[in-house]
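Below is one structure, written out as structure tokens, with a few remarks after it.
The values are calculated or read from the model by the stated rules, or taken from the named source; none is laboratory data. From a predicted model like this one, the values you see are computed outputs, not experimental measurements. Neighbour counts are summed over all protein chains in view; Cβ atoms, including those assigned to glycine, are modelled from backbone coordinates with ideal geometry. Side chains are part of the model used for accessible areas, which takes the heavy atoms of the whole protein and leaves out ligands, DNA and RNA. Shrake-Rupley method; radii C 1.70, N 1.55, O 1.52, S 1.80 Å.
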Amino acid sequence: MRVDDPRRGLGCWLHSAAHFDSASVVKVTILGALLRKALDQHRFLTGTEAALASAMITRSDNSAASALWAELGHSYLRHFLNLAGMRQTVLGPGGYWGLTQITAQDQVLLLRLLLHKNPVLDLPSRRYALSLMAQVIASQRWGVPAGAPTRLTVHVKNGWLPRATHGWRIHSIGCFTGLRGGYSIVVLTQDNPTMAYGIRTIETIARAIHRDLNPGTTSVLAPSQASPLWGRPDQRIPALSQIP
């Protein structure tokens, strides 16, 4: 877990260098790499790229993520990680983007790229990425938004993946912008018996963080209501013995 609020000079973390299977939170990394590649090539995203990026972030479309992962390739994705200083991140093998090894530390570095001026992503790219994360569909807006002041804009991406070892990986990363905003929260978990259990755990943590960062706020986002979609993995991963 890691909380980052540069405006206040505040950082808080617990086991932020621990590695987790990324599940779908890696899709923000894919988006960042896509936007950087377009900058490298002095062009806008193509219509196809923009459609894939929107589907990948706003409704966590796996086919869109796989298409962009293949288009970018491991070599360029590693280049982006180097530019971003995300040295603890290890890309998943082959097309298994959901097996990318991530840490809370690196995810905060990624969110900083979206929130603050930097040499990796320009302002239009940052605004575009944040706008997509602000449009995530209702059934996927659980996790770190819980307890956030309603005056802030929420930008979120979640991941959920069960495996034979360590149960459900349930992750939530988000930025919170607007009046007295500009902070980010990353919570990565595993060993959850169910998806709902992991979501409840993250939302309990998030509510405490938002309360401490926004004392006196009374209008906050409520905990998530269970969705029929909860419990479906966000990428089909074969048994370990079948992964090249």
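The residues of the stretch 208-228 that are among the aliphatic types (A, V, I, L, M) and surrounded by 13 or more Cβ atoms within 10 Å (Cβ to Cβ), listed by number, are I209, L213, V220, L221, A226.
Taking first residues from the stretch 6-26 that are on the phi > 0 side of the Ramachandran plot and partners that are among the basic types (K, R), the Cβ contacts under 6 Å between residues at least 6 apart in sequence or on separate chains come to A23/R169. Against the list (1) modelled with pLDDT of 95 or more; (2) within 27 Å of G182 (Cβ to Cβ), the condition R8 fails is (1). Candidates are the residues of the stretch 104-130 that are touching a helix residue (DSSP H, G or I) at 6+ places or on another chain (Cβ under 8 Å) and among the polar types (S, T, N, Q); the one that is surrounded by the fewest Cβ atoms within 10 Å (Cβ to Cβ) is N118. Scanning the stretch 189-209 for any residue that is without any contact (Cβ under 8 Å) to a residue 24 or more places away in the chain and assigned to a loop (DSSP other than H, G, I, E, B) turns up nothing.
Condition check ((1) polar (S, T, N, Q); (2) touching a Lys or Arg at 6+ places or on another chain (Cβ under 6 Å); (3) modelled with pLDDT under 95; (4) open to solvent by less than 10 Å² (accessible area, probe 1.4 Å)) across all residues:
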| residue | (1), (2), (3), (4) |
| --- | --- |
| A148 | no, no, no, yes |
| R163 | no, no, yes, no |
| W168 | no, no, no, no |
| S172 | yes, no, no, yes |
| R180 | no, no, yes, no |
| S184 | yes, no, no, yes |
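For every residue, the table says whether it meets (1) out of contact with any Ser or Thr (no Cβ under 9 Å at 6 or more places or on another chain); (2) under 19 Å from L113 (Cβ atoms).
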position: G32; (1), (2): no, yes
position: H42; (1), (2): yes, no
position: T46; (1), (2): yes, no
position: L52; (1), (2): no, no
position: S63; (1), (2): yes, no
position: H74; (1), (2): yes, no
position: L77; (1), (2): no, yes
position: R87; (1), (2): yes, yes
